[in-house]
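The values are calculated or read from the model by the stated rules, or taken from the named source; none is laboratory data. Everything numeric in this text was worked out from a predicted model, so none of it was measured. When we count neighbours, we look across all protein chains shown, and the Cβ atoms used for this are built from the backbone with ideal geometry, even at glycine. Accessible surface areas use protein heavy atoms only, side chains included; no ligands, DNA or RNA. Shrake-Rupley method; radii C 1.70, N 1.55, O 1.52, S 1.80 Å.
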Amino acid sequence: GREPAPSRLAVAQAYAEHGWDLGTTDAALAAWVLEVAELTQPDEIVWCDGSRAEADRLFKLQVANGQLIKLNPEWRPGSYLARTDPKDVARVEARTFICSESEEDAGPTNNWRDPAEMRAELKGVFAGSMRGRTMYIVPFSMGPLGGSISQLGVEITDSPYVVVSMGIMTRMGRRALDLIEDGRTWVRTVHSVGYPLVDAEGIHRPEVAWPCNDTKYIVQYPQDREVWSYGSGYGGNALLGKKCFALRIASQMARDEGWLAEHMLIIKVVSPAGRAHHIAAAFPSACGKTNLAMLRSQLPGWRVETIGDDIAWLKPDASGRLRAINPERGFFGVAPGTGESTNRSAVETLWGNTIFTNVALRDDGDVWWEGLTDEKPAHLIDWRGEEWTPDSGRTAAHPNSRFTVAAEQCPTIADDWEDPDGVPIDAIVFGGRRATNVPLVLQARDWKHGVFLGATIASEQTAAAEGTVGALRRDPFAMLPFCGYNMADHWGHWLRIGEKLGANAPAVFQVNWFRKGPDGSFLWPGFAENMRVIAWIVGRLERTADAVDVPIGRVPAQASLDLDGLELSEDALERLFDVDQTAWLAECDLTEEFFARFGGRVPAALTAELEALRYRLTR
Ligand code: GDP
Ligand code: PGA
Ligand code: MN
Ligand code: MN
């Protein structure tokens, strides 16, 4: 429990005594900021208003400190390059903790710590962690300001890189603070890079290009709706509105309040008949969400518009339909593999006003990464700041290097992407990176079967988190690192939402762009050609595309998947949809083992789905 709040006068006096700026009329916010400031001991407190002038000042400051490189405005106006510490390049799942009251509520797929013990430990860790630094107070809204599905938060941070990034990724500043001061609820998040510039004895140490700490903590208190992050400046570890709030905390809020917070892109698909359908799709990190969100159709008559590329909040509306918003305002996208031929929309989005992190620097002051152009530049400075030539034998950009850019710059952004009430979702798609077994596309038999598909997704690990790239792991709902409570309860929640939606429930599909042939190359061309799969999915919604039952679901009937003009051999097509009985029975055994990890908590409907699948495979 929290201690009783001090009086307004006592709070104001304390700010004055420290010489700190009291930037809000909200007593609870002022008292909380004071509490964190007295713990972390910053030099000053800056209340962020989200203005252009504020961002410009913070960019200038970081360039002067050697923390950002200003790119050549001729090629990349208003844009900057950050190079992180080589040990701070991805989310740290092993240091991510869910501190629910009971360990069972966090479940076997999360790292659980007792909340009281963790609070005591973090008090020691954060004590004096902002000495010599400025503490920024960053009020923000996830989702359109004041929207019916939106939520407010405040991030306290000692990183100006985080402030400017939050300025791109969220609706940040004065207008969010106004809503908080109007009395709306908000989520508390605290971040420190863990690199004080003055130690306990008052000895100064020099600033560095990327301050961070070898010890990291990414801590969620789901019951208190609170986040504490220490030691990392990187993406999902530090921009606390994103994974920590919009997924880990929000999934818990959503469970309690009857909605869904998911690791999903949202697109609007317009068919040749001019009909619009909205699709939400969950793929693990670095498995193609941003690419699908910005797909440029080459299939005549079809168009895809972008609504979100990473996170969706979905809520049943008064008429019983599921509506979704993108709670973010920008894209934090994977750079490598983003090029004219793969994702032209992203390349166009990045024309300026972009923060690049861990990509390579060209001699002309622009940026480069693997896949941006077919031809490699003759000379670069790589992501570590070292000389690089094509025969260096290493990549110039880090595999998890990223761009941070406002969504409104995306040429394919949908005109209803900021609808405060969200868009109606017609289909939900699950995906992952699977070299074997999983077909290009299939439809679930019904909602329960769809939840089973989501619950049993496995994917080869990518560079987006620390770990062994390529290792196959279960990543249910693409939420393994992001579900703020017991994953099995999450499946139960999805089943309940399905019951509530009834006949209005979206159709559910599974896709796999990453199946490989015997020579190890991808069988499916992917990227823009994924439009063909999306067109089949829409065809199912409009009842114009046929499907046939196979044991694992419904796959496109002969000729119902438009392959016109595509160079795809009969052999590749067959392999893309091959369902190998032995391999799938082995998958069933692995699913049984996976379910067993959750004890008795797996919903009976899902164990029944597993048995039904086994039956269909052996029949
Ligand atoms: P996100 O992290 O889920 O948003 O994934 P991205 O869209 O950023 O893609 C991650 C990586 O997968 C990039 O290197 C992409 O080039 C690659 N990728 C995306 N879509 C496809 C596809 O359809 N086929 C193949 N082979 N690779 C893809
Ligand atoms: P991604 O987002 O899903 O676009 O990779 C960042 C992450 O999940 O770490
Ligand atoms: Mn993500
Ligand atoms: Mn992405």
Along each principal axis, Cα extent of the chain, largest first, Å
76, 57, 42
Using θ = phi - 60° and the Karplus form 6.51 cos²θ - 1.76 cosθ + 1.60, what ³J(HN,Hα) does each residue of the stretch 135-148 get, whole Hz, x for Gly and Pro?
9, 9, 9, 10, x, 8, 10, 8, x, x, 4, x, x, 5
Farthest towards the positive end of the dipole of the chain, among THR373, ILE497, LEU247 and with Cβ unit charges of +1 on Lys and Arg and -1 on Asp and Glu, lies the Cα of ILE497
Taking 0.36 nm per intervening residue step and subtracting the Cα-Cα distance, what contour gain separates GLU542 from LEU563 on full extension?
5.7 nm
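What FRET efficiency comes out for TRP75 versus ALA10 if R0 is 60 angstrom and r is the Cβ-Cβ distance? Round to the nearest 0.05.
0.65
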Does the stretch 337-421 come out rounded, prolate or oblate by the C-alpha gyration tensor, with a ≥ b ≥ c the root eigenvalues, rounded set by a/c under 1.5 and, if not, prolate when a/b is larger than b/c and oblate if not?
prolate
Heavy atoms only, 1.4 Å probe, whole protein assembly: order GLU305, GLU155 by accessible area, highest first.
GLU305, GLU155
Which aspartates and glutamates have a Cα less than 13 Å from the Cα of LYS87, not counting those fewer than 8 places away in the same chain?
ASP214, GLU466
Extreme residue, positive dipole direction of the chain, given options ASN65, LEU442, ALA605 (C-beta unit charges)
ALA605
Would you give the gap between the C-alpha center of the stretch 342-397 and the C-alpha center of the stretch 405-462, rounded to a whole Å?
29
Over the chain, with neighbouring protein chains present, the accessible area per residue in Å² at probe 1.4 Å is 38
Given an 8 Å cut-off on Cα distances and at least 6 residues of separation, report the relative contact order of the stretch 511-607 as a percent.
22
Under a 5 Å amide H to amide H cut-off, with H placed in plane at 1.01 Å, what residues pair with GLY484 once short-range neighbours are removed?
SER251, GLN252
Looking at the square roots a ≥ b ≥ c of the eigenvalues of the Cα gyration tensor of the stretch 210-361, which shape do they give, rounded for a/c under 1.5, prolate if a/b is larger than b/c, or oblate?
oblate
Point-charge dipole on Cβ atoms (K/R +1, D/E -1) for the stretch 93-191, about Cα centre, debye to 20:
580
Normalised by the residues of the chain, what does the relative contact order come to in percent, with Cα pairs under 8 Å and at least six apart?
14
Under the rule of at least 5 residues apart or a separate chain, name every residue whose amide H is placed under 5 Å from the amide H of ARG133.
ASP43, LEU197
Which percent of the accessible heavy-atom area of the chain goes to carbon and sulfur, probe 1.4 angstrom?
49
Under 20 Å between alpha carbons, and skipping anything fewer than 8 positions from LYS70 in its own chain: which aspartates and glutamates qualify?
GLU54, ASP56, ASP85, GLU207, GLU348, ASP363, ASP364, ASP366, ASP382, GLU386, GLU387
For the stretch 489-523, list residues with backbone N below 14 Å from a point placed 7 Å from the Cα of ALA612 toward its Cβ?
495, 499, 508
Per-residue HN-Hα couplings for the stretch 33-42 [Karplus 6.51, -1.76, 1.60; θ = phi - 60°; Hz; x = Gly/Pro]
4, 4, 4, 5, 5, 5, 6, 8, 6, x
Taking placed amide H atoms and a strict 5 Å upper bound, the residues 5 or more places from ARG433 or on another chain that come that close are GLU460
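Tell me the net charge near ARG113. Cut-off is 13 Å between Cβ atoms, ARG113 excluded, with +1 for each Lys or Arg and -1 for each Asp or Glu.
Details: positive: ARG95, ARG119; negative: GLU101, GLU103, ASP105, ASP114, GLU117, GLU121.
Surrounding charge for ARG113 is -4.
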Can you give the relative contact order of the stretch 423-474 as a percent, counting alpha carbon pairs under 8 Å and 6+ residues apart?
31
Name the residue farthest towards the positive end of the dipole of the stretch 105-179 from the options GLY147, GLY124, SER159, assuming +1 on Cβ of Lys and Arg, -1 on Cβ of Asp and Glu, about the Cα centre.
SER159
Applying the gyration tensor rule to the Cα atoms of the stretch 266-341 (axes a ≥ b ≥ c; rounded if a/c under 1.5, else prolate if a/b exceeds b/c, else oblate), the class is oblate
Computed lengthening from GLU101 to ASP578, 0.36 nm per intervening residue step minus Cα-Cα distance
167.2 nm
Quick one: 3J(HN,Hα) in Hz for the stretch 366-377, Karplus 6.51/-1.76/1.60 with θ = phi - 60°, rounded, Gly and Pro as x.
9, 10, 8, 8, 4, x, 5, 10, 5, 8, 7, x
How much net charge surrounds LEU177 when only the other residues with a Cβ under 10 Å from the Cβ of LEU177 are counted, with Lys and Arg +1 and Asp and Glu -1?
-3
What figure, in Å² to the nearest 10, do you get for the accessible area of THR544 with a 1.4 Å probe and non-protein molecules left out?
100
The chain - mean residue ellipticity at 222 nm from DSSP helices (-39,500 (n - 2.57) per run, n ≥ 4, rounded to 500)
-8000 deg cm²/dmol
Given all pairs of distinct Cα atoms, the stretch 401-480 yields a Kirkwood Rh in Å of 15.6
For the pair ASP421 and LEU585, what calculated FRET efficiency results from E = 1/(1 + (r/R0)^6), where r is the Cβ-Cβ distance and R0 = 45 Å, to the nearest 0.05?
0.50
Mind checking the dipole of the chain: about its Cα centre, +1 per Lys or Arg Cβ, -1 per Asp or Glu Cβ, Debye to the nearest 20?
680
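So if I place +1 on the C-beta of Lys and Arg and -1 on the C-beta of Asp and Glu, and nothing else carries charge, what would the dipole magnitude of the stretch 233-357 be about its Cα centre? I want it in debye, nearest 20.
180
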Assuming R0 = 25 Å, can you tell me the calculated FRET efficiency for the pair ARG275 and GLU348, based on Cβ-Cβ distance, to the nearest 0.05?
0.40
With just the Cα atoms defining each centre, how far is the stretch 506-532 from the stretch 31-94? Give it in Å.
38
